[in-house]
């Protein structure tokens with residue numbers, strides 16, 4: 001650990017350092033971040049790119065009186081280290097350690113909890129309004145990456161902030177890419193503005209020249225204000241930020257601490273909303289991350305010396321890759337299939353589809369709401385769009401799924417990657433609520449595969465349906481089952497009985513089917529026979545199989561890697577209540593709380609979802625029935 005870093009236990013101490021010392025501290029921070037993330041995994045490249053930005057900003061502001069809201073939080077590792085969490089940084093993303101994202105519960109320096117993109121300006125504006133109502137004079141800063149600027153909420157907030165005219169600083173950290181390459185008009189606009197830094201300089205040079213004209217100079221300057229939009233449109237295409245009421249500064253070098261300190265100091269003295277456009281290099285200071293910033297955006301464990309990511313060559317194919325290959329196969333035979341993602345072509349497995357069918361692939365940026373309604377428009381015109389979105393991010397498109405897809409009964413297939421517990425990214429990224437809200441949507445069919453082979457067949461079935469469908473599958477490697485040639489249609493709403501003849505019936509969906517099998521084996525050792533049913537569908541339920549096992553078994557057990565509130569188990573008990581069936585039921589799933597970060601197995605254990613724990617719960621219930 002560097003000698004300077006050991007001296008910084010709060011950001012206020014940065015004010016005492018020279019620019020040269022801050023530059024040295026930047027190197028120490030980078031070394032610590034690389035060494036730690038190589039062991040814990042995490043968001044490496046974006047945090048490396050924001051080191052100097054953080055140092056410059058925090059050496060000007062007075063935290064925690066002043067507030068900084070980090071959009072998404074991918075850039076915030078230096079922030080965490082500099083705000084009293086140096087010793088705990090080795091616990092990054094670990095069970096009972098510090099989170100990978102800013103969290104209000106973790107530190108007074110974490111002004112706002114984040115994890116989903118494009119929220120920072122809205123939250124910061126809310127804080128600015130509260131500051132003014134309460135009569136305080138602190139500075140409020142939002143730091144937002146260029147990738148997050150593709151999200152609609154960012155523009156809604158910019159528009160409102162420009163209208164209110166509150167004192168607010170927005171720092172646009174522009175590194176030219178988010179997780180995958182940025183898309184859309186905003187990306188193109190920033191690309192153009194990067195090559196036109198002469199605007200502010202030219203504007204002032206013109207004013208100085210006009211003022212130098214004897215007698216009429218000031219009058220000419222005032223008159224020129226009426227035509228400045230024409231000048232601006234030549235020098236900086238669009239002038240977007242100033243058009244909506246912001247004072248625009250930049251672009252400036254995001255690795256020049258001295259320059260940024262001067263700019264941030266000046267911005268703090270200006271009135272009204274300010275946007276400081278900072279250009280940084282993602283992965284800066286660590287060559288492997290600079291060379292492959294997308295690979296090191298969110299990375300697992302790796303060799304810090306070489307940058308080689310640790311992978312298990314014997315691991316089964318991931319659900320994501322199986323989905324990717326299956327969709328490409330289906331698209332070959334079905335020309336009306338299109339694919340949509342919200343800024344995650346690599347993460348969702350659609351990058352290969354894009355290479356194979358570029359005219360049928362659409363990356364909308366961080367705009368899940370638009371992605372879903374775009375899909376609805378395609379479906380209304382004869383296509384069958386497949387929208388692949390991480391489960392946690394699909395929550396943002398609830399209204400669009402309900403109103404634009406289901407209400408019109410349109411054939412859109414929503415593929416929810418990272419369903420269930422995802423591990424070290426923690427509560428902002430677990431996908432444990434999707435089954436609960438999807439089953440409330442009229443006309444929606446909800447598939448949950450037990451393994452990667454069943455995922456293929458469910459995708460085949462879904463894209464041949466003329467109604468809304470959702471397929472929910474987990475992160476990471478599959479079970480390693482053999483993948484059959486071709487596809488097989490699955491009868492909608494029909495379960496698969498895997499074993500029968502038990503005193504207890506285990507009704508499971510998704511990952512819990514394998515857990516149910518293992519729990520049944522443990523129960524057999526204790527003299528309790530258990531039937532195992534792969535329910536396959538959360539909606540529509542196979543009520544025939546529920547009726548059958550309600551008669552045959554003395555206890556029904558529902559198992560799901562989803563919130564118990566409103567989930568699969570709730571659907572089963574609702575049906576039993578409506579049908580007047582009184583067979584006892586034990587529901588096993590995610591309790592009514594947010595699940596923290598940690599290794600997947602540890603989190604499953606914390607929720608009581610390991611096979612041994614499931615068997616113990618069943619035995620306790622069974623003993624009470626005897």
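Read-outs throughout are calculated quantities, based only on the coordinates presented, and are distinct from any laboratory measurement. Note that the structure is predicted; figures quoted are calculated from it, not measured. Every residue, glycine as well, gets a Cβ built from its backbone with ideal geometry; the counts of neighbours run over all protein chains shown.
In the frame of its principal axes, the stretch 496-625 has Cα extents of 40, 33, 27 Å, reported largest first. Calculated over the stretch 432-584, the projected area of the Cα convex hull averaged across directions stands at 9.3 nm². Helix 368-380 and the long axis of the chain differ in direction by around 60°, with both axes built from C-alpha atoms. Across the stretch 319-472, C-alpha contacts under 8 Å between residues 6 or more apart give a mean separation that, scaled by the residue count, equals a relative contact order of 23 percent.
Across the chain, the mean sequence separation of Cα contacts (distance under 8 Å, 6 or more residues apart), normalised by length, yields a relative contact order of 12 percent.
Working from label points 7 Å from Cα in the Cα-to-Cβ sense, the residue 159 to residue 309 distance is 3.7 nm.
Going from the fewest other Cβ atoms within 10 Å to the most, the residues 47, 606, 484, 265 appear in the order 484, 265, 606, 47. Given R₀ = 51 Å, FRET efficiency for residue 380-residue 287 by Cβ-Cβ distance, to 0.05? So the FRET efficiency works out to roughly 0.60.
Please give the helix 185-194 orientation as an angle from the longest Cα principal axis of the chain, in degrees from 0 to 90, rounded to the nearest 10. Roughly 30 degrees, rounded to the nearest 10.
Subtracting the Cα-Cα distance of residue 479 and residue 496 from their residue separation scaled by 0.36 nm leaves 4.4 nm. Over the stretch 385-516, the pair-distance histogram of Cα-Cα distances with 5 Å bins from zero comes to 2, 10, 19, 22, 20, 14, 9, 3, 1 percent, rounded to whole numbers.
In terms of surrounding Cβ atoms within a 10 Å radius of their Cβ, 95, 622, 70 rank from fewest to most as 95, 622, 70. Can you pull a Stokes-Einstein diffusion coefficient for the chain at 25 °C (0.890 mPa s), Rh from Kirkwood over Cα pairs, as a whole number of µm²/s? Rounded to a whole number, D works out at 92 µm²/s. The alpha carbon convex hull volume per residue for the stretch 243-362 rounds to 173 Å³. For the stretch 319-472, the calculated P(r), taken from all Cα-Cα distances in 10 Å bins from zero up to the bin holding the longest distance, is 12, 47, 37, 4, 0 percent. Sorted fewest first by neighbouring Cβ atoms within 10 angstrom, 428, 54 come out as 428, 54.
Dividing the alpha-carbon radius of gyration of the stretch 1-59 by the rule-of-thumb value 2.2 N^0.38 Å gives 1.11. A Förster distance of 51 Å, applied to the separation of the beta-carbon atoms of residue 88 and residue 551, puts the FRET efficiency at 0.40. Shown is the FRET efficiency for residue 488 and residue 12, computed with R0 = 56 Å from the Cβ-Cβ distance and rounded to the nearest 0.05: 0.30. Considering only Cα atoms, the convex hull volume of the stretch 28-170 works out to 102 Å³ per residue. Note: relative contact order over the stretch 496-625, using C-alpha pairs below 8 Å and six or more positions apart, is 26 percent.
Just to confirm the number: angle between the C-alpha axis of helix 198-211 and the first principal axis of the chain, 0 to 90 degrees, nearest 10? Relative to the chain, helix 198-211 is tipped by roughly 30 degrees. Of the peptides 319-329, 515-525, the ranking by mean beta-carbon count within 10 Å, highest at the top, reads 319-329, 515-525. DSSP assigns beta bridges within the chain; of those with both partners inside it, close to 15 percent run antiparallel.
The listed peptides 311-317, 163-169, ordered by packing as a protection proxy, come out as 163-169, 311-317 (highest mean of other Cβ atoms within 10 Å first).
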